[in-house]
């Protein structure tokens, strides 16, 4: 019998496995991988010049990247053919029905983090409002992860929001547009601070220098086309290290559908996805790390509960394109990294902090955004050719709160149903547009985009942590499911609230904290 | 029974061939209307092949509208803009999207998408010209949509 079974190899599952080294661990995963993990090696702009040769990687042999052409916005990070493995199998293993939410479940090795922007932020005590833990509980794990991952960033105006700069690698090079914006902001800092707008460098799991046998970022603009890049940290990096060091028994090809607690152990039922045969695994403890929606499905199924409506939160997002007039007609920057700067807004237009990231549009196909532009087709092609090198896009993330109308439920056919009420946005966007004119960055509210809820991939809150859990679908401060002695939830499911800051780093730190406690309990039992 | 199976096979083959002929005519017209030149064979072949995997969605009325656009030689760019401004994911828009993606992934069209030579003035003139051009196309598109009752 194993000490611990972990379900899922995303950020939380891998972080828990990392902390449980030394125990007998089994990690069960569907574990889909890309067919050609490192097919692209040249700079994106060189690839574009001989696009026919790379058609399979840009569009796909079976035109995979065009298959959602009738469905509106889809993140370019999961649209590209080599990235399709991240959400592949969502129909085969159970779908999500919703009119108001575009939800994704990942069955990939490394989970949805294969499509992440690697933005990694510490939560402050204010961010952890409603959690039964404080920032000091997570601090040692944040520090440990910072060393493990190699996070770049710097001490600047955003440090009060992002916390300790201990162990950070130097920030990445800015592109001309990013550097220009940052310089102009720095000159007008007092004005922006009066308006409660703060700008600084993001904290990214991207290597700005060679680190622990991994190569630094080469600014090749490939990030939207393949996830396995040496400078980009994803949970798969640590997973592969643990497997290589034989510190983990990794079992890919299994879909966990059910579990039960019996006679002092947990029995996990998993289906072999090739043969369809059910297999049973036993352990002293079970860690659910299948992602917020995946975990909800397993727990509801284990309880045969087709009535419960579990609360669901997601960070809603919007995009504001800003134009730098004097960069119009310039050549696109061949060597750049798309994430440039971060913004925090703390004014009255939102109850809580709104966070934003500035991106340059160098690493995607123009066709991805051409039809979001307001002109005729041919005009959009010409305008994008001259205009995109002058555009920096601000992606805003909003905090989410628990609402009665936002929930996920399991139906009898084994599929999830999600209801989510979108909120009216636009005030913060208009406010920022008004104040960025001051430094020569122009936009109009009409050009802002508001993708459907679910496109943020920041799902959380289905089984919230409480000091005193009360109800089948709440957990204690160590993620222990109410009424259970052995089943712990370690992914975003146990977040009682969701600030605008990207949640991945806190999911990982919290999973490590819970795993540490499980390790202590196992030692005490022994 | 054997005969029936044989007939079914013939019908499927015929319908695939007919559909290829239709798609070939469709893309030839769409491309010519948009870019005022004949579509290169390789691009046409890719467009037809894409339809084996991607089936644009829409109502019967919307597909009839595409046929009407081709039959009456209507201005594709103008009508597409009028559809897009209404916020519709019209199959015409989806088909043009497929075409533009395929063009962007063809090195022959690299210069069309990527600005290799920095030129501020040329860009400003292009932006001004295309703003006016779009206004004209939008008015034309709305009139065509109304005149031909395009869904």
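The values are calculated or read from the model by the stated rules, or taken from the named source; none is laboratory data. As the structure is a prediction and not an experimental result, all values here were calculated from the model. Using ideal geometry, Cβ is built from the backbone for each residue, glycine included, and neighbour counts are taken over all protein chains shown.
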Across the range B:40-57, which residue is nearest to the other protein chains (Cβ to nearest Cβ) among those that are crowded, with 20+ Cβ neighbours inside 10 Å and within 12 Å of the chain's Cα centre (by Cα)? B:56
What pairs come up if the first residue lies in the range A:51-64 and is closer than 16 Å to residue A:37 by Cα, the second is in a helix (DSSP H, G or I) and modelled with pLDDT under 90, and their beta carbons are under 7 Å apart, counting only those six or more places apart or on different chains? A:58/A:51
With away from chain B (no Cβ under 14 Å), in contact with a strand residue (DSSP E or B) (Cβ under 9 Å, 6 or more places away or on another chain) and modelled with pLDDT of 90 or more as the only criterion, which of A:95, A:124, A:106 stands out? A:106
So in the range B:20-39, with the set limited to residues that are under 16 Å from residue B:78 (Cβ atoms) and exposed (fewer than 15 other Cβ atoms within 10 Å of the Cβ), which one is nearest to the other protein chains (Cβ to nearest Cβ)? B:36
Can you name the residue in the range A:371-387 that is surrounded by fewer than 20 Cβ atoms within 10 Å (Cβ to Cβ) and at the interface with another protein chain (Cβ under 7 Å from one of its Cβ atoms) and is also modelled with the lowest pLDDT among such residues? A:371
Just wondering, is there one or more residues in the range A:36-46 that are touching a helix residue (DSSP H, G or I) at 6+ places or on another chain (Cβ under 9 Å), closer than 22 Å to residue A:269 by Cα and either touching a residue at least 40 places away in the same chain (Cβ under 8 Å) or assigned to a loop (DSSP other than H, G, I, E, B) (or both)? no
Taking the condition in a loop (DSSP other than H, G, I, E, B), more than 23 Å from residue A:502 (Cα to Cα) and either in contact with a helix residue (DSSP H, G or I) (Cβ under 9 Å, 6 or more places away or on another chain) or within 14 Å of chain B (Cβ to nearest Cβ) (or both), does residue A:414 pass? yes
Within the range A:290-325, which residues are within 14 Å of another protein chain (Cβ to nearest Cβ) and either modelled with pLDDT under 95 or touching a helix residue (DSSP H, G or I) at 6+ places or on another chain (Cβ under 6 Å) (or both)? A:323, A:324
Quick one: count up the residues across the range A:1-30 that are under 13 Å from residue A:287 (Cα atoms), more than 19 Å from the chain's Cα centre (by Cα) and in a strand (DSSP E or B). 9
Report the residue count in the range A:264-299 for those that are without any contact (Cβ under 8 Å) to a residue 60 or more places away in the chain and in a strand (DSSP E or B). 7
In the range A:484-526, which residues are touching a helix residue (DSSP H, G or I) at 6+ places or on another chain (Cβ under 9 Å) and modelled with pLDDT under 95? none
Taking the range A:437-463 and keeping only residues that are part of a strand (DSSP E or B) and either crowded, with 18+ Cβ neighbours inside 10 Å or out of contact with any strand residue (DSSP E or B) (no Cβ under 7 Å at 6 or more places or on another chain) (or both), one is left with A:441, A:459, A:460
Considering residues that are surrounded by fewer than 23 Cβ atoms within 10 Å (Cβ to Cβ) and in a loop (DSSP other than H, G, I, E, B), the number found within the range A:72-88 is 6
Of A:324, A:348, A:315, A:342, the only residue that is touching a strand residue (DSSP E or B) at 6+ places or on another chain (Cβ under 7 Å) and more than 29 Å from residue A:102 (Cβ to Cβ) is A:324
Filter the range A:192-221 for residues that are buried (at least 23 other Cβ atoms within 10 Å of the Cβ) and assigned to a loop (DSSP other than H, G, I, E, B) and give the result. A:201, A:202, A:203, A:205, A:207, A:221
Which residue, of A:354, A:360, is at pLDDT 95 or above, under 13 Å from residue A:387 (Cβ atoms) and crowded, with 19+ Cβ neighbours inside 10 Å? A:360
Within the range B:96-149, the residues that are assigned to a loop (DSSP other than H, G, I, E, B), surrounded by 14 or more Cβ atoms within 10 Å (Cβ to Cβ) and more than 7 Å from chain A (Cβ to nearest Cβ) are B:148
May I ask you to verify whether residue A:144 is surrounded by fewer than 19 Cβ atoms within 10 Å (Cβ to Cβ), in contact (Cβ under 8 Å) with a residue 60 or more places away in the chain and farther than 30 Å from residue A:390 by Cα? yes
Filtered residue count, the range A:156-190, keeping only those that are over 27 Å from residue A:389 (Cα atoms), loosely packed, with under 14 Cβ neighbours inside 10 Å and either modelled with pLDDT of 95 or more or within 21 Å of the chain's Cα centre (by Cα) (or both): 2
For the range A:241-263, how many residues are surrounded by 18 or more Cβ atoms within 10 Å (Cβ to Cβ), in a strand (DSSP E or B) and under 24 Å from the mean Cα position of the chain (by Cα)? 4
Restricting to the range B:58-74, and then to whatever is in a loop (DSSP other than H, G, I, E, B) and touching a helix residue (DSSP H, G or I) at 6+ places or on another chain (Cβ under 7 Å), can you tell me which residue is nearest to the other protein chains (Cβ to nearest Cβ)? B:58
Among (1) away from chain B (no Cβ under 13 Å); (2) at negative phi; (3) surrounded by 20 or more Cβ atoms within 10 Å (Cβ to Cβ), the one test that residue A:33 misses: (3)
Checking the structure you have, find out if any residue of the range A:8-22 is surrounded by 16 or more Cβ atoms within 10 Å (Cβ to Cβ), more than 14 Å from chain B (Cβ to nearest Cβ), more than 23 Å from residue A:255 (Cα to Cα) and at pLDDT 95 or above. yes
Just one of the numbered conditions (1) within 30 Å of residue A:8 (Cα to Cα); (2) assigned to a strand (DSSP E or B) is not true of residue A:304; which one? (2)
Residue hits (the range A:52-71; facing another protein chain (nearest Cβ under 7 Å) and surrounded by fewer than 21 Cβ atoms within 10 Å (Cβ to Cβ)) are A:52, A:55, A:62, A:67, A:70
